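A.B. asks: Once you've had a glance at the structure underneath, I'll fire off some questions.
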Amino acid sequence: MKIKYVFVLSVLALMVSGVDIGRAAENPPRIVVSIQPLKALIDQVITGVGEAENLINPGVSPHDQRLKPSDMRRMVSADIVFWVGPELEQTWQKPLGNLKDKVRVVQVMKIQGLHKKYVRKAGIWDGSGSTGKAAYDPHVWLDPENAKTIIRAIARALGKTDPERIEIYRKNADQAVKAIGEMDAEIKNILAPVRNIPFAVYHDAGQYFETAYGLDNVGTITDAFENRIGTAGMTRFMGTLKTRNIACMLYEPGPVPQLLQTIQQSGITMQIRAFDVIGSEVKPGIGFYEKMMTGLARTVRACLSPKQ
Ligand SMILES: [Zn+2]
C-alpha cells in the first residue's frame with residue numbers, strides 16, 4: 001500500500017515538473033539591463049537559457065543616456081531590470097521608481113558585499129584628502145571582486161524569478177566566477193612591468209581598476225560624474241604633468257577632448273590612449289567582460305611603455 005502511494009506521488013511529481021520545464025523553456029525570463037559590461041555578466045549566468053537586452057548601446061555614455069519610449073516599453077515588459085544606480089544611469093531613477101511593484105529591479109550599487117569607493121575630487125591628488133565622501137563612484141564593475149559579487153547576485157535574482165532553473169544559474173555563476181579568477185591572474189601579469197609608473201586620467205572612471213591592480217594615477221581632469229576642475233586646478237595639473245614627467249594620459253573612447261589637444265600643443269609630450277571602461281570597442285558576445293578588462297590592462301601597459 002505504502003509503496004503504491006509513493007509510486008503515484010513520484011509519477012505525479014514527474015508530470016508536474018515535466019509540464020513546468022516545458023513551459024519555462026518556451027519562456028526564458030526577460031532581462032533588461034543598462035550597460036554592456038553588466039549585460040555580459042548576466043549573459044554568463046543565463047547561458048543556455050536566454051540573453052539579456054541592453055538599453056544603452058556601446059558608444060553612448062551612460063552618464064547622459066536618455067530613455068526612449070521604446071526603452072520604457074521594454075522595461076515594463078521585463079521580468080528583471082538590472083542597472084548600476086542613480087549615480088550612473090541618472091535618467092533611470094524616476095521610471096524605475098514607478099516600475100518597482102511590477103518588475104523585479106536589481107540596483108547593483110545596493111548589492112550586499114560590493115566594494116564601493118567615494119567619488120574623488122578632480123585635480124591632482126597627493127595622498128589623502130582626495131575623496132569628497134559626498135557620493136559613491138559608480139564604475140564598480142571594473143573591480144574583478146565586484147564582478148564576482150554581481151554575478152552571485154544575478155544568479156540569486158534569476159533564481160527567484162525562475163526557480164525551476166536555479167541549478168543552471170548557480171552552475172553558470174560558478175563558471176563565470178572561475179573565468180574572472182583566470183582573467184585576474186592574466187591582468188596582473190600584463191600590468192606587472194608598469195605598476196609603479198605614474199600616469200594621469202581625463203575622466204575618473206578607473207578608480208576601481210587602479211585600486212584592484214595597484215596602479216599609480218596622479219589625478220584627473222573630470223571627476224566620476226564628469227565635473228571638470230577649474231582654471232587654478234588645471235594650472236596645477238599641467239605643472240604636475242611636467243614636474244613628474246607624466247608620459248601617459250588615459251581618456252574615454254571617442255574624439256580626443258579639446259583640452260588634451262591643448263596640453264599636447266603646449267609642449268608636454270605624452271602618450272594619449274582611450275581607456276574603454278564600458279567596452280564600447282569590444283565585440284559583444286562570449287567573454288566580453290574578460291576581453292574588456294584585459295583590453296584595459298593592455299591599454300595601460302602600452303601607454304606606460306616607452307614609445308617604439
Ligand atoms: Zn564614467
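Since every read-out is calculated from the coordinates, none of them should be taken as a lab result. Nothing here was measured: the structure is a model prediction, and the numbers come from that model. With ideal geometry, Cβ positions are generated from the backbone for all residues, glycine too; neighbour counts draw on all protein chains shown.
A.B. asks: May I ask you to derive the FRET efficiency for Lys102 and Glu145 from their Cβ-Cβ distance with R0 = 30 Å, giving the value to the nearest 0.05? Mind dumping the intermediate values first?
C.D. replies: Values: r = 33 Å, r/R0 = 1.09.
Calculated transfer efficiency: 0.40.
A.B. asks: Cross-link list Lys39/Lys291; Lys121/Lys242; Lys117/Lys283; Lys148/Lys291: which exceed 19 angstrom alpha carbon to alpha carbon? Working shown, then result.
C.D. replies: Numbers: Lys39/Lys291 14 Å; Lys121/Lys242 21 Å; Lys117/Lys283 29 Å; Lys148/Lys291 16 Å.
Distance filter (> 19 Å) returns Lys121/Lys242; Lys117/Lys283.
A.B. asks: Would you compute, for the Cα atoms of the range 191-304, the largest minus smallest coordinate along each principal axis and list the three values in descending order, in whole Å?
C.D. replies: 45, 28, 22
A.B. asks: Hey, another quick one. Relative contact order, percent, of the chain when contacts are C-alpha pairs under 8 Å separated by at least 6 residues? Intermediate values should be presented prior to the final figure.
C.D. replies: On the way: 461 pairs, mean separation 55.6, N = 308.
For the chain, the relative contact order is 18 percent.
A.B. asks: Points 7 angstrom from Cα along the Cβ direction at Arg298 and Trp125: gap in nanometres?
C.D. replies: 2.7
A.B. asks: With label points built 7 Å along Cα→Cβ from the Cα atoms of Ala192 and Arg228, find their separation and express it in nm.
C.D. replies: Simple spin-label model gives 4.1 nm for this pair.
A.B. asks: When every alpha-carbon pair in the chain is counted, what percent end up more than 37 Å apart? Spell out each step's value before the answer.
C.D. replies: Working: 11386 of 47278 pairs.
Distances greater than 37 Å cover 24 percent of the Cα pairs.
A.B. asks: Once the Cα atoms of the range 28-186 are picked out, what are the Rg and Dmax in Å?
C.D. replies: 16.3, 53
A.B. asks: Only Cα pairs under 8 Å and at least 6 apart count here; give the relative contact order of the range 28-186 as a rounded whole percent. Write down the numbers at each step before the final one.
C.D. replies: On the way: 219 pairs, mean separation 37.9, N = 159.
Over the range 28-186, the number comes to 24 percent.
A.B. asks: If you don't mind, there's one more thing I want to ask. What distance in nm lies between label points placed 7 Å from Cα along the C-beta direction at Val256 and Met238?
C.D. replies: Here the answer is 1.7 nm between the modelled labels.
A.B. asks: Within the chain, what percent of beta bridges assigned by DSSP are antiparallel, to the nearest 5? Please report the intermediate quantities before stating the final value.
C.D. replies: Working: 5 of 23 bridges.
Roughly 20 percent of the DSSP beta bridges within the chain come out antiparallel.
A.B. asks: Now, a different point. Could you work out the local net charge near Ala147, counting Lys and Arg as +1, Asp and Glu as -1, over the other residues with Cβ closer than 11 Å to its Cβ?
C.D. replies: On the way: positive: Lys148, Arg152; negative: Asp143, Glu145, Asp184, Glu290.
After counting each charged neighbour, the total is -2.
A.B. asks: Hey, another quick one. What residues have an amide H closer than 5 Å to that of Val119, excluding those fewer than 5 places away on the same chain, when H is modeled at 1.01 Å from N in the peptide plane?
C.D. replies: For Val119, the qualifying residues are Gly132, Lys133, Ala134, Ala135, Tyr136, Asp137.
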